[in-house]
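What follows is calculated from the coordinates using simple rules that are stated; it is not laboratory data. None of the values given here were measured: they were computed from a predicted structure. Don't worry about glycine lacking a Cβ; one is built from the backbone with ideal geometry, like all the others, and counts go over all protein chains shown.
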Amino acid sequence: MVRVVQAYRFALDPTGCQGAVLASHCGAVRVAFNWGLAQVRANLAQREAERSYGIPEDRLTPALSWSMPALRKRWNQVKDEVAPWWAGNSKEAYACGLARLADALSNWRDSKSGKRKGPKMGFPRFKTKRRTARSVRFTTGTIRLDGHAHVVLPVLGRIKTHEPVTKLARLLAGGGARIASATVRWQEGRWHVSFTVHTERPQGSPARPDTVIGVDLGIKTLAVFSDGRPPVANPRHLTTALRKLRRLSRAVSRKRGPDRRTRQRPSQRWLRANAARNRAEHRVAALRRDGIHKLTTSLARTYGTIVVEDLHVAGMIRNRRLARAVSDAGFGEIRRQLTYKTTWHGGRLLVADRWFPSSKTCSSCGAVKTKLPLRVRTYVCEGCGLSMDRDENAALNLASLVERTVAGSGPETRNGRGADHKTPPGGAGGRETSTPHRAPAARIRRGPSPAPGESLRILETQ
Ligand SMILES: [Zn+2]
């Protein structure tokens, strides 16, 4: 058995009254967050002003603690004055807002000191009613399922779900799982509850544990496989829906919408038209999510080893000609799902280095072309005369890369790695660069955070 933390999300059908209470809780999260942030900012400003008057460091107003317990303690002292209506919501709502503030502050501090990787975090900003996503998290109190179509949450009580919760209910009844928290969110025009569940999954094994499959992801065809499995066409849900979305958007813009400057309230017709447009957008997201889940589940259940390319999705999205198509295809999500689903099913996901020339290499003789423009859809090898679909060739290269690598695997060495892998001028567009590549180094390194420069890395092993 493997211990995992898994989320179960269900759409809710709250009554009108319950919907209002949910909205109130989300508002309470925002109020607590903003209150805490105002305290922190006032404290920082006070100390800064005192410093400018030349007051020595040890005689300044004491710094406010940014920790969650300290913030909550202070909130409990003043909540009767700051928010006399506080008893209308669960205390979890205020705790949730303060916990998010404490996280935001510590993220900012760690990012500033270099402890936190990734893009620089800004100092937390006040949450506005309009821009802030509505969500609230419950960690204590009564959180459970009731029957097959209801959930029970603190203060809110019993809420009907839009879909059956049978699967999770059975798991909980059997003692195989425990709910750690519940988060209620307004998403895609509906309230949803997401349970964070600690559970154990049986250590399964893929149907064909010894097989290796190379998966070439692309926009023309979503996924091409190395083993002759029929390719998955790119469904392009957004592209298909664009005509309809444009028509619905025009309908919205012809009606009297809200205007903040004149405080004009939207008309009923505008609200209806806007809801129709939103529904069409949510449908695109739902179709995409469904297709990707089916693809990744099927792959993870079947194959022992899955090899994909390390696509530079963030870079491709920066290219405005590719951005929409890439986002619509959902490459990043496919990779993310394959990562955890291969772990669940006892397989492994291998990620070929971003600079591995999967498209430019001949899958038959190993010759590497220096150039292969994207418009060339058929790979023709001058060396051995091979002629095959470009993506199929790439998928074969990905699959054979692992055979070569794993066959010669052993304790890897650090010396003699590939050339330097700096981003070429013009940015890493996710497409291969036109610089000649070395043949892939037959070397792997186990572990979650491999050094850059290997042709292949094992993301997940059982
Ligand atoms: Zn060849």
| remark: Tilt, helix 390-407 to longest principal axis of the chain (alpha-carbon atoms), in degrees rounded to tens, equals 90 degrees
| query | Given H placed on each backbone N at 1.01 Å, which residues far from Arg134 in sequence or on other chains put an amide H within less than 5 Å of it? | reply | Trp186
| message | For segment 51-112 and segment 116-168, what is the centre-to-centre distance using only Cα atoms, to the nearest Å? | response | 22 Å
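Rounded to the nearest 500, what is the chain's calculated 222 nm mean residue ellipticity when only DSSP H runs of at least 4 contribute -39500 (n - 2.57) each, over all residues?
Values: 10 runs with 180 residues, N = 462.
After summing the helix terms and dividing by the residues of the chain, the value is -13000 deg cm²/dmol.
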| task | Compute the Kirkwood hydrodynamic radius of segment 190-281, taking the inverse of the mean of 1/r over all pairs of distinct Cα atoms, and give it in Å to one decimal. | result | 18.5 Å
| Other-chain or far-sequence residues with amide H under 5 Å of Ala223's (modelled H) | Gly218, Val232
| message | Compute the helix-to-body angle for 16-52: its Cα long axis versus the longest principal axis of the chain, expressed 0 to 90° and rounded to tens. | response | 90 degrees
| For segment 308-315, Karplus couplings with θ = phi - 60° (6.51, -1.76, 1.60), whole Hz, Gly/Pro x | 10, 8, 8, 6, 8, 5, 4, x
| request: Mind jotting down the distance between the C-alpha centroids of segment 288-367 and segment 169-210, whole Å? | output: 24 Å
| For segment 299-347, max minus min Cα coordinate along each principal axis, in Å, sorted largest first? | 38, 16, 13
| said: Taking the 0 to 90 degree range and rounding to the nearest ten, how far is the long axis of helix 91-113 tilted relative to the main principal axis of the chain, both from C-alpha atoms? | reply: 50 degrees
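If we count every other residue with Cβ under 10 angstrom of Thr239's Cβ, Lys/Arg +1 and Asp/Glu -1, where does the sum land? Kindly include the intermediate steps, with their values, before the conclusion.
Values: positive: Arg236, Arg243, Arg324; negative: Asp328.
Residues near Thr239 contribute +2 overall.
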| field | Reach of Lys115 by Cα under 19 Å, taken over aspartates and glutamates that are not fewer than 8 positions away in the same chain | value | Asp103
| remark: By the rule of no other cysteine beta carbon under 4.7 Å, the lone cysteines of the chain are Cys17, Cys26, Cys96
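Per residue, how big is the convex hull around the C-alpha atoms of segment 78-152? Give it to me in cubic angstrom, could you? If you can, show how the numbers build up before the last one.
On the way: hull volume 13.0 nm³, N = 75.
Hull volume over Cα atoms, normalised by residue count, gives 173 Å³.
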| Å³ per residue enclosed by the Cα convex hull of segment 208-352 | 137 Å³
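Which entries in the list Lys91/Lys127; Lys160/Lys244; Lys220/Lys371; Lys167/Lys341 go over 21 Å, if you measure between the two C-alpha atoms of each?
Numbers: Lys91/Lys127 19 Å; Lys160/Lys244 32 Å; Lys220/Lys371 19 Å; Lys167/Lys341 18 Å.
Cα-Cα > 21 Å for Lys160/Lys244; rest within.
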| remark: Largest-first semi-axes in Å of the equivalent ellipsoid built from the Cα gyration tensor of segment 18-113 are 30, 15, 10
| task | Place the peptides 332-343, 261-272 in order of packing, highest mean first, counting for every residue the other Cβ atoms within 10 Å and averaging per peptide. | result | 332-343, 261-272
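Could the peptides 204-210, 282-288 be put in order, highest first, of the mean number of other beta-carbon atoms found within 10 Å of their residues? Before the final figure, lay out the partial values.
On the way: 204-210: 13.7, 282-288: 15.4.
Ranked from most to least packed, the peptides come out as 282-288, 204-210.
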| note | Computed over the chain, the distribution of all Cα-Cα distances in 20 Å bins, rounded to whole %, is 18, 45, 32, 5, 0
| field | Nearby aspartates and glutamates by direct alpha-carbon distance to Lys369 (threshold 19 angstrom, same-chain neighbours under 8 apart not counted) | value | Asp216, Glu309, Asp353, Glu382, Asp389, Asp391, Glu392, Glu432
| task | For Val2, enumerate residues with amide H under 5 Å from its amide H, sequence gap 5+ or separate chain, H modeled in the peptide plane. | result | Arg201, Gln203
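Highest first, please rank the peptides 113-124, 21-32 by the mean number of other Cβ atoms sitting within 10 Å of their residues. Could you put the intermediate results ahead of the total?
Numbers: 113-124: 10.8, 21-32: 21.3.
Highest mean packing first, the order is 21-32, 113-124.
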| Per-residue ³J(HN,Hα) for segment 165-175, Karplus 6.51 cos²θ - 1.76 cosθ + 1.60, θ = phi - 60°, Hz, x for Gly and Pro | 9, 3, 4, 5, 4, 5, 4, 5, 5, x, x
